[in-house]
Amino acid sequence: MLNYFDYAATSPMSPRAISSFVKCAESYPFNPSSIHKGGLKAHKKLDETRERTASILRIKPEQVVFTSGATEAINIVFSSLLWHKTPGKVIISRIEHDAVRSFIPLLKEKGWKVAMLKAKRGFVDPEDVKRELTEDTRLVAVMNVNNVNGAIQDTHKIAAVIREFEKSIKHKIIFFSDSVQALAKTGLDLDGSGVDAASFSAHKISGPRGVGMLYIRNKNLIRPLSAAGGQESAIRGGTENLAGIVSFSEALEEAYENRDEKEKRIITLSERIKDELSALGLEINSEGLTSPYIINVSSPLPSEVFSRMLDDKGYAISSGSACSNNAKKGENIIEAMGYGNRRAESSVRISLSDYTEEGEVDGLINAIKEIIHGI
Ligand code: PLP
């Protein structure tokens, strides 16, 4: 049996999410844009689901844009910069997910200035944001919860710095925060945090893959490269994945049920893993205010070797400091956080979910003990 500790990569769909997907696919098989009764019924379901999603996240329904995932939500925001007649400046943290960082070459090619913010141990200093803000700055991108070590940013402070600077210039600066690993896991406060746009993904919260969401505080802030069929307020064209969207909303509702209790349980499990692994001599790369769902550690073995040995024992974790195995060399996020090359090359990520059981955690700790004692 596979004991799963790679929930930050993807989370298997919950039975509730699966059954809501199937039910919706069967009951609403028509295009929400069609004008016949079947289409109107599907459109009504889409509207209701947008309202339900907005209400769970305590935002307005018009601020919800359903997408094919977080990557597409990020694409919509970044590619909209290309409408500007003259290139400006973007400020991006060094520890962003590849989905954000992959825009850097294109922006540079189009004449944009790109400032990279350091993030010691995974934390961006709002003072560094302040220093980089210039009159031609159009966007600041700092993720909410880092996917590699779980560092939680102070988005309120960063937003405050941007809003203060904005008073001295004539245009708005978009504060974008990739919030994939924060959804239903930390105290996500979209309305109060001052974030203008945020990306989310259903498959990180036991919803379906290929579904996500863009939160946009004010739609006038962005202009999509392609409006295509005009769906999703012409921000994300294309026939809506209604069953996927409904299932996402179901997973979201489920994840928010008894949120505090769930989080308390995960904090206990997470602290235990950190204590036990630390006692074994492993170095903990998730320090300070980090998500209890993500634990990054360095062992005496190279990350691939360590994770393969654990896999052989039936435990799935993530190797390396990049989120995807397709990530190119030289993009070591743990190194970018200042942990040094040795620690980066031997780092692995253990990620939990509300479904993680205590017995599985016992098993994982024992399996790691066996590996370390056997070296
Ligand atoms: N941003 C972060 C922080 C992630 O962890 C991921 C998932 O790998 C993504 C973006 C991309 O999400 P999606 O798979 O929905 O495109």
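Here segment 33-62 and segment 183-214 have alpha carbon centers that stand 18 Å from each other. Within the full protein context, the accessible area of R272 is estimated at about 80 Å² for a probe radius of 1.4 Å.
Surface listing: S68, S346 arranged by accessible area from highest to lowest gives S68, S346, probe 1.4 Å. Using a probe of 1.4 Å, the accessible surface attributed to F103 totals some 20 Å² when neighbouring protein chains are kept in position.
If you run the Gaussian network model on the chain, springs between alpha carbon atoms under 10 Å, then out of L352, L214, L289 the most flexible one is L289. Kirkwood analysis of the Cα pair distances in the chain returns a hydrodynamic radius of 21.5 Å. Pulled fully out, how much extra length does the chain show between I267 and H36, if you take 0.36 nm times their separation in residues and subtract their Cα-Cα distance? Value of the extension gain: 78.1 nm. Does segment 52-209 classify as rounded, prolate or oblate by the C-alpha gyration tensor (a ≥ b ≥ c root eigenvalues; a/c under 1.5 gives rounded; else a/b over b/c gives prolate, otherwise oblate)? It is rounded, given that a/c, with a ≥ b ≥ c, falls under 1.5. Calculated on the alpha-carbon coordinates, the convex hull of segment 109-167 measures out at 91 cubic angstrom per residue. The alpha-carbon of K219 sits under 20 angstrom from the alpha-carbons of these lysines, leaving out residues fewer than 8 places away in its chain: K60, K85, K170, K172.
Peptide packing: for 178-187, 120-129, the average count of neighbouring Cβ atoms within 10 Å per residue gives the ranking 178-187, 120-129, highest mean first. Exposure check, 1.4 Å probe, all protein chains in place: M213 carries approximately 0 Å² of accessible surface. State the answer as a single residue: which of I365, T268, S102 lies farthest towards the positive end of the charge dipole of the chain, with beta carbon charges of +1 for Lys and Arg and -1 for Asp and Glu, about the Cα centre. Farthest along the dipole direction, towards plus: S102. Ordering of 75-85, 161-171, 221-231 by packing is 75-85, 221-231, 161-171, highest average first (other Cβ atoms within 10 Å, averaged per residue).
Computed FRET efficiency, Cβ-Cβ of S168 and E127, R0 22 Å: what is it to the nearest 0.05? Between S168 and E127 the formula returns 0.80.
If you sort T137, T71 by accessible surface, 1.4 Å probe, largest first, the order is T71, T137. Only Lys, Arg, Asp and Glu carry charge here, each on its Cβ (+1 for the first two, -1 for the last two); on that basis segment 62-237 has a dipole of about 320 debye about its Cα centre.
The values are calculated or read from the model by the stated rules, or taken from the named source; none is laboratory data. A quick note: this is a predicted structure, and the numbers were derived from the prediction, not measured. Neighbour counts run over all protein chains shown; Cβ positions are idealised from the backbone, glycine included. When the accessible area is computed, the model is the full protein with side chains, heavy atoms only, and any ligands, DNA or RNA have been set aside. Shrake-Rupley method; radii C 1.70, N 1.55, O 1.52, S 1.80 Å.
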